[in-house]
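The values are calculated or read from the model by the stated rules, or taken from the named source; none is laboratory data. All figures in this text were calculated on a predicted structure; none of them were measured in a lab. Positions of Cβ are backbone-derived with ideal geometry, glycine not excepted, and every protein chain shown enters the neighbour counts. What goes into the accessible areas is simple: the full protein's heavy atoms, side chains included, and nothing from ligands, DNA or RNA. Shrake-Rupley method; radii C 1.70, N 1.55, O 1.52, S 1.80 Å.
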Amino acid sequence: MNRRTTSMHVLIVVENLPVPLDRRVWLECQALIRRGYRVSVICPKGPGDPSRQHLDGVDIYKYRPAPEAKGALGFVWEFTYSWLRTALLSLVVRGVRPFDIMQACNPPDTYWLLALLWRPFGVKFVFDHHDLNPELFISRFGAPRSGLKWLEYRGLLGLERATFRAAHRVISTNESYKAIAVRRGMRSPAEVTVVRSGPDTARMRPIYPERPCGADEINLVYLGIMGPQDGVDQVLLVVDELVHRRGRANVTATLLGFGDCFTALTAQARALGLEDHVTFTGRVDKVAIAEHLSRADIGLCPDLKTPLNDLSTMNKTMEYMAYALPAVSFDLVETRVSGGDTLLYVPSGDISAFADAVERLIDDPPLRAELGRKARSRVATLMDWRPQAQAYLSVYDDLAGSARPAEPPAAEDEAAADADPQGRRYVDLDDAEEFDRYLMERSAPAERSTR
């Protein structure tokens, strides 16, 4: 009998990002598909996205996102609109084929109610805990003491608690999040599984860039969302310090991503006179990410120390590491867990210290190479997605019980490939001499002899 018509069906609900742009969710989808599950996703549309896609075995249902939220009422409207659109699309998915397990990824913490509505039909609920919304509130507005802000904060705690309690199983992105699920969510440690957002290092690894930087240029890079809590304005202040105050005219920065602060950041760059030094790419795909992270010299982690950021795993950190890219970060608890001794850390918000660390890397190419080599080794051995995928799948296999799908044949090992799907050659990480040369120059062989 055809497994596609008999395998268990998983519905994944995402509101924060489109899929497959949400890298963690896409890796989860592919892990489930390879295990033999059928997977559908409901998420907002990105620019130019169709309403319905079938991509790499995943059925994706998309709705037009709500207008950008402003103020408390704006967020209430955004969450209500998205919840209703998701609920309606869940009926569409159900009409195609009933789903057995629903996974909701926050923010927001509102899809527990949808899970409860589907529970009488035998649907189990998995909560994939991506963000700490109460900590996000405090990070943006400070600790509330009374009045409307206090009520809003208590409401977020209530929604979080309801989500934890409604879930059959909870997936946490790190041990800090698991501790909150146990303490604040009152879940047993056995009901909470840590699945870190590690990169698939067989796919995410350095290529020889098609457009390497000039021999006298130092390129800094930022990859990620550009929201109020992400600190991208700190990148511009660091570049301003390096270029206008320290005379580093050869420094450029490429900012990959989008978000609520994108327009304000481009205006800030113009106001600082950085048009010739800073490039905003907007939304990028994995092809562009590989090019930019393979050609850049230094990665930037500008997330300030806040109650949210301190406990959150920053995907950008591990993505820099996957591309053997040395990086500078503000000193955060979970970033140290990810990066260990492969990053340079500076006190939160200290622009001068951040610029000092960047200058140290600019002036010391062997140190850049050493950190890049150690970063790649650490992420490939300790943070790789493949063992994380086994932890993730164990949650579904436990819920599926005897209905667990048969294991499909193992896929070909991509680590043995010489080039990516676009035909760009991978750097040979096993050739120590060539890997060292690449780490010093970030270019293809013989394209530039000195740096």
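When you check ALA269 against the structure, is it more than 15 Å from CYS213 (Cβ to Cβ), in contact with a strand residue (DSSP E or B) (Cβ under 6 Å, 6 or more places away or on another chain) and of a type in the set (Gly, Ala, Ser), yes or no? Here the answer is yes, as ALA269 does meet what is asked.
Restricting ARG245, ARG203, ARG211 to those that are more than 18 Å from the chain's Cα centre (by Cα), of a type outside the set (A, V, I, L, M) and modelled with pLDDT under 95 reduces the list to ARG211. Filtering the range 168-184 down to residues that are part of a loop (DSSP other than H, G, I, E, B) and under 21 Å from ILE101 (Cα atoms), which residue is nearest to the chain's Cα centre (by Cα)? Step by step, filter the range 168-184, then rank; the result is THR173.
If the condition is being at pLDDT 95 or above and among the aromatic types (Phe, Trp, Tyr), then the range 139-159 contributes no residue at all. Tallying residues that are among the hydrophobic types (A, V, I, L, M, F, W, C), touching a Leu at 6+ places or on another chain (Cβ under 8 Å) and farther than 20 Å from ASP22 by Cβ within the range 125-161 yields 2.
Among the conditions (1) more than 30 Å from GLU135 (Cβ to Cβ); (2) in contact (Cβ under 8 Å) with a residue 24 or more places away in the chain, LEU265 misses just one, which is (1). Looking for something surrounded by 21 or more Cβ atoms within 10 Å (Cβ to Cβ), of a type outside the set (D, E, K, R), touching a Ser or Thr at 6+ places or on another chain (Cβ under 8 Å) and not in a loop (DSSP other than H, G, I, E, B) - is there at least one such residue anywhere in the range 257-276? Checked against the condition, which is being surrounded by 21 or more Cβ atoms within 10 Å (Cβ to Cβ), of a type outside the set (D, E, K, R), touching a Ser or Thr at 6+ places or on another chain (Cβ under 8 Å) and not in a loop (DSSP other than H, G, I, E, B), the range 257-276 yields no hits at all. Screening GLU68, GLU78 for residues that are free of Cβ contacts under 8 Å to residues at least 40 places away in the same chain, among the charged types (D, E, K, R) and either open to solvent by 70 Å² or more (accessible area, probe 1.4 Å) or within 19 Å of LEU113 (Cβ to Cβ) (or both) leaves exactly one candidate, GLU78. Scanning the range 337-350 for residues that are part of a helix (DSSP H, G or I) and exposed (fewer than 15 other Cβ atoms within 10 Å of the Cβ) turns up just one, ASP341.
Quick check: anything in the range 313-325 of a type in the set (Gly, Ala, Ser), assigned to a loop (DSSP other than H, G, I, E, B) and closer than 25 Å to ASP364 by Cα? Among the residues of the range 313-325, at least one is of a type in the set (Gly, Ala, Ser), assigned to a loop (DSSP other than H, G, I, E, B) and closer than 25 Å to ASP364 by Cα, which makes the answer yes. Here ASP303 clears all of (1) open to solvent by 10 Å² or more (accessible area, probe 1.4 Å); (2) under 27 Å from LEU136 (Cα atoms); (3) of a type in the set (Asp, Glu) except the condition numbered (1). Restricting attention to the range 17-51, the residues that are surrounded by fewer than 16 Cβ atoms within 10 Å (Cβ to Cβ) and in contact with a strand residue (DSSP E or B) (Cβ under 6 Å, 6 or more places away or on another chain) total 2. The set of residues in the range 206-252 that are in contact with a strand residue (DSSP E or B) (Cβ under 8 Å, 6 or more places away or on another chain), free of Cβ contacts under 8 Å to residues at least 40 places away in the same chain and among the charged types (D, E, K, R) contains only GLU217.
Inside the range 253-267, residues that are more than 24 Å from the chain's Cα centre (by Cα) and closer than 18 Å to ASP356 by Cα make up a count of 0. Restricting attention to the range 15-48 and to residues that are over 20 Å from the mean Cα position of the chain (by Cα) and in a loop (DSSP other than H, G, I, E, B), the residue that is nearest to ALA104 (Cα to Cα) turns out to be TYR37.
Suppose the filter is over 22 Å from the mean Cα position of the chain (by Cα), without any contact (Cβ under 8 Å) to a residue 12 or more places away in the chain and surrounded by 15 or more Cβ atoms within 10 Å (Cβ to Cβ); does TRP83 pass it? Taking the combined requirement at face value, the residue does not satisfy it.
Within the range 248-278, the set of residues being closer than 26 Å to PHE75 by Cβ, modelled with pLDDT of 95 or more and small (Gly, Ala, Ser) comprises ALA264, ALA267.
Would you check if there is a residue in the range 353-363 being at pLDDT 95 or above, more than 15 Å from the chain's Cα centre (by Cα), more than 24 Å from ARG205 (Cα to Cα) and not in a helix (DSSP H, G or I)?
Applying the first criterion (at pLDDT 95 or above) to the range 353-363 yields 353-363.
Next cut, more than 15 Å from the chain's Cα centre (by Cα) only: 353-363.
After this cut, where a residue has to be more than 24 Å from ARG205 (Cα to Cα) as well, the list is 353-357, 359-360, 363.
Narrowing further to those that are not in a helix (DSSP H, G or I): none.
No, there is no match, as no residue in the range 353-363 is at pLDDT 95 or above, more than 15 Å from the chain's Cα centre (by Cα), more than 24 Å from ARG205 (Cα to Cα) and not in a helix (DSSP H, G or I).
Within the range 17-37, the presence of a residue that is touching a Ser or Thr at 6+ places or on another chain (Cβ under 9 Å), modelled with pLDDT of 95 or more and among the β-branched types (Val, Ile, Thr) is excluded.
From the list ALA162, ALA167, which residue is among the small types (Gly, Ala, Ser) and over 20 Å from VAL25 (Cα atoms)? On inspection, the qualifying residue turns out to be ALA162.
Could you list, in sequence order, all residues of the range 104-122 that are touching a Leu at 6+ places or on another chain (Cβ under 9 Å) and surrounded by fewer than 22 Cβ atoms within 10 Å (Cβ to Cβ)? Correct list: PRO107, PRO108, THR110, TRP112, TRP118. One residue stands out among those in the range 425-446 that are among the acidic types (Asp, Glu) and more than 14 Å from ALA369 (Cα to Cα): the one that is surrounded by the most Cβ atoms within 10 Å (Cβ to Cβ), which is ASP428. Taken over the range 134-182, the residue count meeting the criterion of being within 30 Å of ASP397 (Cα to Cα), among the aliphatic types (A, V, I, L, M) and open to solvent by 40 Å² or more (accessible area, probe 1.4 Å) is 3.
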